[in-house]
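For reference, the structure is listed below as structure tokens.
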Amino acid sequence: MKLVTYEQFGEARFGAVVGENIVDMARASAALAATDATVRPLPSAIELFLAQSAVLDASARAVVAATAAGLLAGFLAPVAGTTLLPPVPRPTKIICVARNYAEHAREAGLQISEIPILFPRFANTQIGQNAPITIPPVSHQIDWEGELAVVLGRGTDGRRISRAEAMDLVYGYTIFNDVSARDYQFRVTQYTAGKNFRRSGPCGPYLVTKDEIADPHRLQIVTRINGVEKQSANTETMIFDIPTILEHIADFIDLEAGDLIPTGTPAGVGFKRTPPEFLKDGDVIEVEVTGLGILRNSVVNESKL
């Protein structure tokens with residue numbers, strides 16, 4: 001399934017992409033449940049769905065199947081022209097991984113860590129497909145970082161987990177662009193300020209369920225600025241794979257359904273180019289990941305908003 005959060009009549013709705021349309025999962029499931037007792041009504045917010053995905057997944061798939069069969073046409077909106085929000089607008093946590101590709105660590109002149117390096121992002125920094133990344137007046141070094149992100153559908157229930165258990169927590173995958181204010185990031189020894197500017201976290205366009213991705217460690221990540229390729233690497237070159245990342249985080253953090261975990265960016269970022277390159281007003285940035293679509297955003301000076 002390709003799940004989305006989209007805007008309709010000023011309200012955020014939980015939907016699934018079926019062909020060229022989005023089906024409203026809450027309204028369609030309520031209609032289907034009236035004729036099929038095995039279908040549970042679905043919530044209107046994807047965060048509530050993820051918190052109960054273990055029991056609601058089958059109902060969601062039933063809605064998608066019924067829509068594909070033409071049975072729920074009254075609950076559709078066309079993908080084209082519909083505003084897509086971040087797939088999980090209010091994740092319980094966003095835990096980012098830094099320096100997870102050896103070539104990126106080398107281009108930055110930094111050591112390869114023996115354990116995953118983590119930093120937090122805040123949910124309200126996220127923007128969706130086609131929403132503008134803003135360049136603040138206080139920074140002149142806004143950089144791109146295309147990434148694969150993991151979305152959890154189960155938590156750890158207050159316990160530590162093994163690598164063997166880790167993938168059972170994963171519900172699906174999406175694309176994240178960890179846009180970074182490098183001058184703020186490198187003023188200090190921690191990343192939080194440079195990674196949490198307003199409107200700096202593009203995510204989407206879809207949450208693709210893990211059954212549609214044969215191997216998340218064999219996906220190509222490509223980042224383009226104005227059509228020019230800047231990053232291209234395969235997730236097979238990650239230093240720490242997804243089970244290792246999740247096992248490490250669960251050593252000290254309770255993972256929850258709805259958590260979003262961007263897994264790091266490959267080489268090709270702007271601040272280490274010669275000369276350095278940074279995003280500017282009018283740019284268009286695309287991040288493409290195999291099977292997950294293309295996350296596209298424009299860039300605009302904050303003063304224009």
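Quick check: from the Cα gyration tensor, does the stretch 98-189 come out rounded (a/c under 1.5), prolate or oblate?
oblate
Indicate the gyration tensor shape class of the stretch 2-84 (rounded, prolate or oblate), computed on the Cα atoms with a ≥ b ≥ c the square roots of the eigenvalues: a/c under 1.5 is rounded; otherwise a/b larger than b/c is prolate and the rest oblate.
Taking the square roots of the gyration eigenvalues as a ≥ b ≥ c, the stretch 2-84 is oblate.
Mind checking Rg over Rh on the chain, alpha carbons, Kirkwood formula for Rh?
Dividing the radius of gyration by the Kirkwood radius yields 0.97.
Could you work out the helix-only [θ] at 222 nm for the chain, with each DSSP H run of four or more residues adding -39,500 (n - 2.57) and the total divided by the number of residues, to the nearest 500 deg cm²/dmol?
Calculated at 222 nm, the ellipticity per residue is -4500 deg cm²/dmol.
Which of R61, R27 has the fewest other C-beta atoms within 10 Å, and how do the rest follow up to the most?
Fewest to most other Cβ atoms nearby, the residues stand as R61, R27.
Helix 53-68 against the longest principal axis of the chain: what's the angle in degrees, Cα atoms only, rounded to the nearest 10?
70
First check a/c for the stretch 194-305, with a ≥ b ≥ c the square roots of the eigenvalues of its C-alpha gyration tensor; if it is under 1.5, answer rounded, and if not, answer prolate when a/b is larger than b/c or oblate otherwise.
Taking the square roots of the gyration eigenvalues as a ≥ b ≥ c, the stretch 194-305 is prolate.
Putting +1 on Lys and Arg Cβ atoms and -1 on Asp and Glu Cβ atoms, find which of L50, T67, T192 reaches farthest to the positive end of the dipole of the chain.
Selected residue: T192.
Counting other C-beta atoms within 10 Å, which of K195, K230 has the fewest, and how do the rest follow?
K230, K195
By count of other Cβ within 10 Å, fewest leading, how are T82, T192 ordered?
Taking fewest neighbouring Cβ atoms as first place, the list is T192, T82.
About its Cα centre, how strong a charge dipole does the stretch 185-305 have in debye, to the nearest 20, once Lys and Arg get +1 and Asp and Glu get -1 at the Cβ?
The calculation lands at about 800 debye.
Each value in this text was obtained by applying a stated rule to the coordinates, not by laboratory testing. Quantities reported herein were computed from a predicted structural model and do not represent experimental measurements. So basically every Cβ, Gly included, is an ideal-geometry build from the backbone, and we count neighbours across all protein chains shown.
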